[in-house]
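Right, one structure below, let's go through it.
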Amino acid sequence: MRRALTVGVLLLAIAFPLAMQAIDQTYYVTMASRILVYALAATSLNLILGYGGMISFGHAAFVGAGAYTASIMIAEGMPSAWIGWPLAMAVPALLALAIGAISLRTRGVYFIMITLAFAQMIYYLTVSMKAYGGDEGLTLTQRATLGFGLDLKDDATFYYVVLAILVAALFLVSRLVNARFGRVVQAIRENESRMEAIGYPTLRYKLIAFVLAGALGGLAGALLANQNSYVNPGILHWTESGKLMIMVILGGVGHLYGGVFGAIGLLGLEEVLANHKFAWLAALYPDYQQHSLLGVGVAMLAVVLYAPQGIAGLFRRGKDG
Amino acid sequence: MAEALLRVDGLEKHFGGIVATDGVTLEVAPGEIHALIGPNGAGKTTLIAQLSGSLAPDAGRILFGGADITAMPQHGRVRAGLARSYQITSIFRRFSVRDNLSLAVQARSGSSLAFWRPVAAETALAEEAGRIAAQVGLGDRLDAAAGSLAHAEQRCLEVGLALATNARLLLLDEPMAGMGPDESQRMIGLIERLRATVSVLLVEHDMDAVFRLADRISVLVNGAIVATGTPAEIRADADVRRAYLGDEVPT
């Protein structure tokens, strides 16, 4: 039943660009790609925030480092995705290793603040990278090349590539969280001191999870830079980290599809509020389109109050209480 | 006496001006159940924390199986065979009893850096978890969430987690805390059966349990050991009677 639902949704996702072409609304293909990229980024954050209980407020640093790595490779004349994208995972992974090795020794609000501080440092580092545009950003002359006759400039092709990567990442995460490693990480979230007391070097496991999340976030960044054909320091700003956190909380903390639901929910809500005029809403609050974040805030309130397990939790009701 | 399994030598711990551990010297022999008693605030749990590795002493040495483990991290000590249980129950409340115990088994059997194979498919872990559950009287509660267990059952799981590490020495911090008389009797029976396979340093307020189980007893008062001896010797010790036992001594 569950599997049938997953396959059904996947088939719909595959058919989506064809349907949009048929009704001549290809704008939505671009938007869907963007949602899928954010779904990947939020899924990577969910791995540490949801499964690992590490409330990292600096995830945009890894997404941004991936975006910049992929962009610089193109700017330096090496557009092959087969080199650029693995590098766009390796650089954030190394960054996560260094940041994690220090910040994972702290707990609670200190961890939130220290990850935020590190991310802001990386943000200012990109602002000062004059060779790559500084705060003006870097415009890409082309998208990454993939070979096999695939042209990433084509919006439908880009969509399918992103979809394939997201599906692969979700499959990977679903294996990981049910394997020995995943159970250890979740148990650390539940009771870290007891994990030490039954023989686990907990810092090591948290750090590995942190690095994996950084790498996956970096890949999302590479995709984002390619989609926009542009990257600027804004991608590393702390509000981006906050946006990813909102997606995870909205979608479902520690649920496999939490990041996906969250990206659809948040970006979908923003899109609807910004581009569609609701007469009743305008009557209630005339400026709502300028303040679409207000709507996001209301949605967050609703989730926290009525669906603490997020959107994914609504689908699970009755399964495990 | 045979070579001590655990040897504590001049251990000291200060918190500001308060002396929590005051030159504690202590030995636990292989196969021994050694009870540690003392009034509230004597520093028993602080001592356990230092022995298990979650708290670093200011001075002194801890030898386990002849090796100096004073600077070894907690997880290393567990691997070496020194595991603790907690006075305040510390379990994985959202995990089933089986998963609680198999986590502890997993820590000592193979690498946990496995990212692909579902851990649920590892029957060896589940079987060992089931064996330990039966040992602590939770054989029919394997699928229950640990947080949903009754208090006494949670206390049994608490001891089971320490047991599942395959330790050579268990540091049991008040295993009977909050238990009724019947439940305490069952816990006493469990610890009695452990005697054959593992040494125990038992912190306990239940004097009935202490005098029934212990081969030797050490008395901790204000962070210092004031007496060590057999139950009969401790019972007869005038200082101990005055400092701690009072009218509680079974006659």
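Between A:R105 and A:T239, the simple spin-label model (points 7 angstrom out along Cα→Cβ) gives 3.5 nm. Only the Cβ atoms of Lys and Arg (+1) and of Asp and Glu (-1) were treated as charged; on that basis the dipole of chain B about its Cα centre amounts to roughly 620 debye. Tell me whether chain A comes out rounded, prolate or oblate; compute the Cα gyration tensor, take square roots of the eigenvalues as a ≥ b ≥ c, and use a/c under 1.5 as the rounded threshold. Taking the square roots of the gyration eigenvalues as a ≥ b ≥ c, chain A is rounded. Over the protein assembly as shown, the fraction of Cα-Cα pairs per 20 Å bin, rounded to whole percents and listed from the shortest bin up, is 19, 42, 26, 12, 1. Helical content alone sets the calculated 222 nm signal of the protein assembly as shown at -17500 deg cm²/dmol, taking -39,500 (n - 2.57) per DSSP H segment of four or more residues and averaging over every residue. Ordering A:T202, A:G265, A:L172 by the projection of their Cα atoms onto the charge dipole of chain A, which places +1 on the Cβ of Lys and Arg and -1 on the Cβ of Asp and Glu, puts A:T202 at the extreme positive end. Determine the sum of side-chain charges near B:E27: Lys and Arg each +1, Asp and Glu each -1, restricted to other residues whose C-beta is under 14 angstrom from that of B:E27. Summing Lys/Arg as +1 and Asp/Glu as -1 gives -1. Taken about its Cα centre, region A:2-238 carries a charge dipole of roughly 920 debye when the Cβ of each Lys and Arg holds +1 and the Cβ of each Asp and Glu holds -1. Between B:S148 and B:F15, the distance separating the two model label sites (each 7 Å from Cα on the Cα→Cβ line) works out to 3.7 nm. Residues whose amide H comes within less than 5 Å of that of B:I33, counting only those at least five positions distant or on another chain, are B:V200, B:D215, B:R216 (H built at 1.01 Å from N in the peptide plane). Multiply the residue separation of B:T123 and B:R61 by 0.36 nm, subtract the distance between their alpha-carbon atoms, and state the gained length in nm to one decimal. Result: 18.2 nm gained on full extension. I'd like the distance between the alpha-carbon centres of region A:257-313 and region A:202-253, rounded to an integer number of Å. If you average the Cα positions of each part, the centres end up 21 Å apart. Using DSSP H assignments, which helices in chain A have an axial alpha-carbon span of 27 Å or above and a mean Kyte-Doolittle hydropathy of -1.0 or higher? Helices passing the filter in chain A: A:2-22, A:27-46, A:81-103, A:108-127, A:155-178, A:202-228. For the pair A:D24 and A:V272, the difference between a 0.36 nm per residue extended length and the Cα-Cα distance amounts to 87.4 nm. Length gained on full extension, A:A307 to A:A15, computed as 0.36 nm times the residue gap minus the Cα-Cα distance: 102.1 nm. For A:G52, the shell of other residues with beta-carbons less than 12 Å away shows a net charge of +1, using +1 for Lys and Arg and -1 for Asp and Glu.
The numbers here are math on the coordinates, done by the rules we state, and not lab data. Bear in mind the structure is a predicted one, so any value in this text is a computation, not a measurement. Neighbour counts run over all protein chains shown; Cβ positions are idealised from the backbone, glycine included.
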